[in-house]
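Colleague: Before I ask anything, here is the structure I am working with.
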Amino acid sequence: MNKKIKRKTTGILFILSSLIYLLIEYSVIKNTSLNIYEAYINYSVSHIAMPLNQTYLGITNNFSPQYMLLNIAFIILGIIFIISCILEINKRINSNKILYYPLMIITGVGFIFLGIFSAGQTSINNHQLAIFMSLLCGNIFLILMGKTINTNKIHRNTSLILGIIGTISFIILTYSLINKDMIIYMGLFERISIYTIVIWNIITGTYLLKQ
């Protein structure tokens, strides 16, 4: 494949996978019985995506009939993340490859696992492992990109900032699961941890298209 076509195809894949995820998430939430604001702030993606009549962290899903679409979106996001990194990001890593490859694979597989091991559907350990793999490792991956990827300074700095924001949000998310007074904000912090990765995909895709 021509290098230019390969680069632009990868850019399109990065952007499309993220836009598909965002559109599906919004569509699924819009078709729930929840208020949009309430759904985004108080209900985690895990709750929106778990099968009907299943319970996770005290919340039973009797409000999200299109939950399966969100699980499919996670799987698409993970598969395309791995494919896109293999196509174009691998060759742009100048150092820390010993960290890059495991983090890249763990992040992509983590999103795939999120779609397979829905909250309430399997043991809670499987789902929480998927969250750890995709969100924590994913945001650490972004921090690594800020230090090692061969792009321009704006892209590297943005990667670093997004990774730091996402990692902090994940830490707060973990705290909110332990502290009952904070659990109402679980949806907000979980989404921030996801959106930093989604935004990085879009920014990276745009960078590749403009090259």
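The values are calculated or read from the model by the stated rules, or taken from the named source; none is laboratory data. Since we're looking at a predicted model, the values are computed, not measured. Please note: Cβ atoms are built from the backbone with ideal geometry, for glycine as well, and neighbour counts cover all protein chains shown. Note: areas computed on protein heavy atoms with side chains; ligands, DNA, RNA excluded. Shrake-Rupley method; radii C 1.70, N 1.55, O 1.52, S 1.80 Å.
Colleague: Just the residues that are in contact with a Gly (Cβ under 7 Å, 6 or more places away or on another chain) and not hydrophobic (A, V, I, L, M, F, W, C), please, taken from segment 167-197.
Modeller: Residues satisfying the conditions are SER193, THR196.
Colleague: Additional query: Among the residues in segment 55-62, are any among the small types (Gly, Ala, Ser) and either open to solvent by less than 30 Å² (accessible area, probe 1.4 Å) or at pLDDT 95 or above (or both)? Spell out how you get there, then give the answer.
Modeller: Initial filter on segment 55-62 (among the small types (Gly, Ala, Ser)): 58.
Among the residues that remain, those that are also either open to solvent by less than 30 Å² (accessible area, probe 1.4 Å) or at pLDDT 95 or above (or both) are: none.
The answer is no; no qualifying residue exists.
Colleague: Another question, then. Considering only residues of segment 114-128 that are touching a helix residue (DSSP H, G or I) at 6+ places or on another chain (Cβ under 9 Å) and farther than 17 Å from ARG191 by Cα, which is most open to solvent (accessible area, probe 1.4 Å)?
Modeller: Taking the candidates together, the pick is GLN121.
Colleague: Within segment 1-104, which helices (runs of 4 or more DSSP H) (wholly inside it) include 2 or more residues that are of a type in the set (D, E, K, R)? Show your work before the answer.
Modeller: Working: elements: 3-30, 36-42, 45-49, 67-84.
Those helices (runs of 4 or more DSSP H) span 3-30.
Colleague: A follow-up question, please. Has segment 129-136 got any residue that is crowded, with 22+ Cβ neighbours inside 10 Å, farther than 22 Å from ILE202 by Cα and without any contact (Cβ under 8 Å) to a residue 24 or more places away in the chain?
Modeller: Yes: segment 129-136 contains one or more residues that are crowded, with 22+ Cβ neighbours inside 10 Å, farther than 22 Å from ILE202 by Cα and without any contact (Cβ under 8 Å) to a residue 24 or more places away in the chain.
Colleague: If you don't mind, another one. Is it the case that ILE20 is surrounded by fewer than 17 Cβ atoms within 10 Å (Cβ to Cβ) and closer than 19 Å to GLY205 by Cβ?
Modeller: Here the answer is yes, as ILE20 does meet what is asked.
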